Amino acid sequence: MFTHLFHTYSWEQTKESIQAKTASDVQAALQKERCTIEDFKALISPAAQPYLESLAARSQELTRKRFGRTIQMYAPLYLSNECQNICTYCAFSLDNAIPRKTLTDAEILEEARILKSWGYDHLLLVTGESSKVGVEYLQHAIRLLRPLFSYVSIEVQPLEEAEYRLLAMEGLSAVLVYQETYQEANYKLHHTKGKKANFQHRLETPDRLGAAKIHKIGLGVLIGLEDWRTDSFFCGLHLDYMEKTYWETKYSISFPRLRPIETGKDGKKEFTAFMTDRELVQLICAYRIFKPEVELSLSTREEERFRNHVIQLGITSMSAGSKTNPGGYADESESLEQFEISDERSPAEIAAMIQASGYEVVWKDWDEVLGKH
């Protein structure tokens, strides 16, 4: 289990080690054909900041070599904002006084109809963490949607291995599960109630996914909860472990930065600056150089200008036209969002931007027949 490897590392010593990396360490990492976890430390360190152009050039080269000039498109479909956890950064938190909603079959299919009309063939199903949207609900939702979409992934509460296997039998292709932060003490400060408060159980989720032979696993941290460099190192360590242990599985990394949320009782909750755009570019490029095969995804949390530029630096998948509230595609008047989005352009506008940048928009890159032997 990754937990055994994780507990051999000290958070503070790792942080100091990243800060101690030198220009020579960065230069050596950039010259390697395959980077180690120590090289990744150098690439995300402050010492790498003056080498951003070199990182970007190397990242672009590796991305085009592996993925060509393609950007995959996906859309989140929020099924429910019911949640039994209390998390300091999420509008779905149990202690926030927002209206709660879980989609019916008819509402799910109406959301799906709209997304299909926009061209989407890859859905990411999202829920809060609640027994009201447990395995049976998810199983039924996938059964409804799988005939309409070739690729269905989920971002929901951590499940057990047998439950993931059950959903895979229904056609589940991928699971995203972010640790939020690998700093255990800080994790507990931000997750004070509910199953999500169990740091260890969440940390072991990717292992359960790997054992269940899920086609693709998405990892990430919520940027802004802790020092982004140290958190990203542990996420990179986790990715490296997963690739070596469950080598038949594909992997993706996402880069969610904290966004303002509506609490319902106190109005809007803002978050202070915690990572510059240049630092996010550095992190994206560092991941690409460290793991040339990994898919790198960027959501509508980011601003238009930023998303326009980074598609050429290592990103391989993007969302567009996203609604982060249940039923949001069919009824825009509802205000139940998990967080505010920043890039509000339509899928057609994003597709046009991608094409104008010399890239091909990929709406479908997987079919069930490809997984058969």
Whichever residue in segment 329-373 is in a helix (DSSP H, G or I), open to solvent by 60 Å² or more (accessible area, probe 1.4 Å) and modelled with pLDDT of 80 or more and, among such residues, is nearest to Leu103 (Cα to Cα):
Ala348
Need the failing condition index for Leu189 against (1) touching a Ser or Thr at 6+ places or on another chain (Cβ under 9 Å); (2) in a helix (DSSP H, G or I); (3) at pLDDT 95 or above; (4) open to solvent by 20 Å² or more (accessible area, probe 1.4 Å), just the number.
(3)
Of the residues in segment 261-282, those that are crowded, with 22+ Cβ neighbours inside 10 Å and either modelled with pLDDT of 85 or more or touching a helix residue (DSSP H, G or I) at 6+ places or on another chain (Cβ under 9 Å) (or both) come to Gln282
Considering Ala97, Ala47, Ala29, which residue is buried (at least 23 other Cβ atoms within 10 Å of the Cβ) and of a type in the set (Gly, Ala, Ser)?
Ala29
Which condition breaks for Lys213 when tested against (1) at pLDDT 95 or above; (2) on the phi < 0 side of the Ramachandran plot?
(2)
Scan segment 126-152 for residues that are closer than 23 Å to Ile71 by Cβ, in a strand (DSSP E or B) and in contact with a helix residue (DSSP H, G or I) (Cβ under 6 Å, 6 or more places away or on another chain) and report the count.
1
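With within 30 Å of Ile18 (Cα to Cα) and either among the aromatic types (Phe, Trp, Tyr) or modelled with pLDDT under 95 (or both) as the only criterion, which of Tyr164, Tyr137, Tyr151, Tyr182 stands out? So that I can check it myself, show each step before the final result.
Details: Tyr164 fails: within 30 Å of Ile18 (Cα to Cα); Tyr137 fails: within 30 Å of Ile18 (Cα to Cα); Tyr151 fails: within 30 Å of Ile18 (Cα to Cα).
Result of the check over Tyr164, Tyr137, Tyr151, Tyr182: Tyr182.
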What number of residues within segment 100-123 satisfy the criterion of being at pLDDT 95 or above and either open to solvent by 10 Å² or more (accessible area, probe 1.4 Å) or more than 22 Å from Thr300 (Cα to Cα) (or both)?
16
Residue within segment 221-235 that is hydroxyl-bearing (Ser, Thr, Tyr) and within 17 Å of Ile18 (Cβ to Cβ) present
yes
Of all residues in segment 32-44 being touching a residue at least 40 places away in the same chain (Cβ under 8 Å) and not in a helix (DSSP H, G or I), the one that is least open to solvent (accessible area, probe 1.4 Å)
Ile44
Every pair of residues 6+ apart whose Cβ atoms lie under 9 Å, when the first sits in segment 99-115 and is outside any helix (DSSP H, G or I) while the second is among the β-branched types (Val, Ile, Thr)
Thr102/Thr127; Thr102/Val133
Evaluate segment 129-137: report whether one residue or more is free of Cβ contacts under 8 Å to residues at least 40 places away in the same chain and either buried (at least 16 other Cβ atoms within 10 Å of the Cβ) or among the aromatic types (Phe, Trp, Tyr) (or both).
yes
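Please verify whether Asp207 is in contact with a strand residue (DSSP E or B) (Cβ under 8 Å, 6 or more places away or on another chain), among the acidic types (Asp, Glu), open to solvent by less than 30 Å² (accessible area, probe 1.4 Å) and not in a strand (DSSP E or B), treating the condition exactly as stated.
On the way: in contact with a strand residue (DSSP E or B) (Cβ under 8 Å, 6 or more places away or on another chain): no; among the acidic types (Asp, Glu): yes; open to solvent by less than 30 Å² (accessible area, probe 1.4 Å): yes; not in a strand (DSSP E or B): yes.
When the stated conditions are applied, Asp207 does not pass them.
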Suppose we keep only residues that are over 16 Å from Gln157 (Cα atoms) and outside any loop (DSSP other than H, G, I, E, B) within segment 216-232. Which one would you say is modelled with the lowest pLDDT?
Ile223
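Just to be sure before I move on: is Thr63 of a type in the set (Val, Ile, Thr) and free of Cβ contacts under 8 Å to residues at least 60 places away in the same chain in the structure I sent? It would help to see each step written out before you state the result.
Numbers: of a type in the set (Val, Ile, Thr): yes; free of Cβ contacts under 8 Å to residues at least 60 places away in the same chain: no.
Taking the combined requirement at face value, the residue does not satisfy it.
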Quick check, is Leu166 under 18 Å from Leu79 (Cβ atoms) and either aromatic (Phe, Trp, Tyr) or open to solvent by 20 Å² or more (accessible area, probe 1.4 Å) (or both)?
yes
Verdict on Ser59 being open to solvent by less than 50 Å² (accessible area, probe 1.4 Å) and either among the basic types (Lys, Arg) or closer than 18 Å to Val281 by Cβ (or both)
yes
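The values are calculated or read from the model by the stated rules, or taken from the named source; none is laboratory data. In this text, all values refer to a predicted model and were calculated from it rather than measured experimentally. Backbone-built Cβ (ideal geometry, glycine too); neighbour counts: all protein chains shown. The protein model used for the area step is the full one, side chains on, heavy atoms only, and it has no ligands, DNA or RNA in it. Shrake-Rupley method; radii C 1.70, N 1.55, O 1.52, S 1.80 Å.
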